[in-house]
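Note sheet for the following structure.
The values are calculated or read from the model by the stated rules, or taken from the named source; none is laboratory data. Just so you know, these numbers come straight off a predicted model, no measurement behind them. Virtual Cβ from ideal backbone geometry, glycine too; neighbours counted across all protein chains shown.
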Amino acid sequence: MKTALLLLAAALISAPAAAHEPVVAVGVGTNSCAEFTALIHHSKRQADNPYYSWAEGFWRLANMGRMANKNKFKDLITAPQARDQIVNYCNFHPGDAFYQAVMDVYDGFLDADP
């Protein structure tokens, strides 16, 4: 029994650690722009649920982070019109992840003037 435990411990210690990649985003935001544009060309109604909801949630959370750090938040009044900007970004960058398009559009929002 003691030998088995020692062998198990040796195996665990000598096993290489699994490489851990940091997670930037989860959900549909990690899909490619090509997947997004294929979906919206197939059915705009389907894309409205997961993709645009994900984008708007990302923008709200980004604003909350800015406010928590006492920075000016972005004015999301143009968020509904920003959908066209996301589509344009993804059309020109099909290999990028969807979250990259969302971040690019967010960067273009004006700072709010509370």
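Of note:
- Considering Trp54, Trp59, the condition of being at pLDDT 90 or above and over 15 Å from Phe109 (Cα atoms) is satisfied by Trp54 alone.
- Filtered residues of the stretch 76-98 (kept if acidic (Asp, Glu) and within 22 Å of Asp111 (Cα to Cα)): Asp84
- Residues in the stretch 81-114 that are outside any helix (DSSP H, G or I) and within 13 Å of the chain's Cα centre (by Cα): Asp96, Ala97.
- Note on the stretch 62-80: residues that are in contact (Cβ under 8 Å) with a residue 24 or more places away in the chain, surrounded by fewer than 15 Cβ atoms within 10 Å (Cβ to Cβ) and either touching a helix residue (DSSP H, G or I) at 6+ places or on another chain (Cβ under 8 Å) or assigned to a helix (DSSP H, G or I) (or both) total 2.
- Restricting attention to the stretch 30-50, the residues being crowded, with 16+ Cβ neighbours inside 10 Å and at pLDDT below 90 number 4.
- Of all residues in the stretch 81-90 being within 24 Å of Val26 (Cβ to Cβ) and out of contact with any Ser or Thr (no Cβ under 6 Å at 6 or more places or on another chain), the one that is modelled with the highest pLDDT: Tyr89
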